[in-house]
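J.: There's a structure below that I have some questions on.
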């Protein structure tokens, strides 16, 4: 890979060659943002180790025309952040404001464009880049991040995220409720009661007027210090942008037990043995003038049964052939259990040869959408005379 685009240092800071031991590189994310301010030509090279971790910075007023950019929407990490924010429409020229970037890594090709009065350039390949985060994205700072060097034109507010597990005893805060710019933002947030060191959380920081002096106090396990007068200060309150806790999906309902009756359905052994007086229920089709038992079990998940009993035969009377037994219709829309319907034939007097049953009629079982077992049959009985 050839050399990348030129990396412009912060104009107010001198460039230095810094050799960092390898063991220290792992700690870079925790020490990469001591302050929130950036210069008008400062790039995102300091945040390479924070891949896919949002970073919020505060830009001073500028028009971005002196910057050299590479890319559109996604920029090489040595493109100045504030100029790229104007190019992307995230920052108005001449306005001091906070912007949030998301650093990334992986070889990309960059396409230049002209947008919002700024021209960016093409670049063939580069491994480190950044894009601007969606509105409302909270960036995590460290427990060492201070409010120092903020552009005087920036009033705030800016919402930030203090990580959990902070050691509030190791940081410094100066003042009570209103703090000096040297105060660590998250330490001041614990001192004022906006968050706890254990849980961390979102905080909102706003610039406050300077004071002639700052009086320390002990609050919420943090002892802040006294300080002399300052022309600049800030306040911090609890934020509103904490992510909602993830809620696990409810476990699926177990399938119904076909042996268990469904609430509201009568048990099978409670069905009447004689035809009902009420008209045939909708969905049951029987020949006109014949009695029928109709079972409608929409959504039924248990056992359904229906039968029509023929009139008893007096064994002491001359036997007559029984009338044709009527068909039985069982409608079980959505039925997922076991359904059965039967019509018993009249008792037969085995001592009277003339008592020969008529041909047995069929039974009709109607089960649209049926997914269990259904059966219909005609039952013949053989009772001895009393």
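The values are calculated or read from the model by the stated rules, or taken from the named source; none is laboratory data. Quantities reported herein were computed from a predicted structural model and do not represent experimental measurements. Note that each Cβ is placed from the backbone with ideal geometry, even for glycine, and that neighbours are counted across all protein chains shown.
J.: From the residues in the range 165-196 that are modelled with pLDDT of 95 or more and under 28 Å from the mean Cα position of the chain (by Cα), which one is nearest to residue 230 (Cα to Cα)?
T.: 194
J.: Of the residues in the range 72-81, how many are under 33 Å from the mean Cα position of the chain (by Cα) and crowded, with 24+ Cβ neighbours inside 10 Å?
T.: Result for the range 72-81: 4.
J.: Turning to a different aspect of this structure: Of the residues 189, 233, 208, 194, which single one is in a loop (DSSP other than H, G, I, E, B) and in contact with a strand residue (DSSP E or B) (Cβ under 6 Å, 6 or more places away or on another chain)?
T.: Checking each option against the conditions leaves just 194.
J.: Failed condition for residue 40, given (1) more than 21 Å from residue 154 (Cβ to Cβ); (2) at pLDDT 95 or above, with all others met?
T.: Residue 40 satisfies all of (1) more than 21 Å from residue 154 (Cβ to Cβ); (2) at pLDDT 95 or above except (1).
J.: While we're looking at this one, here's another question. Return yes or no: is residue 209 surrounded by fewer than 18 Cβ atoms within 10 Å (Cβ to Cβ) and under 23 Å from residue 135 (Cα atoms)?
T.: no
J.: Among the residues of the range 127-146, which ones are within 31 Å of the chain's Cα centre (by Cα) and in a strand (DSSP E or B)?
T.: Hits for the range 127-146 are 128, 129, 130, 131, 132, 140.
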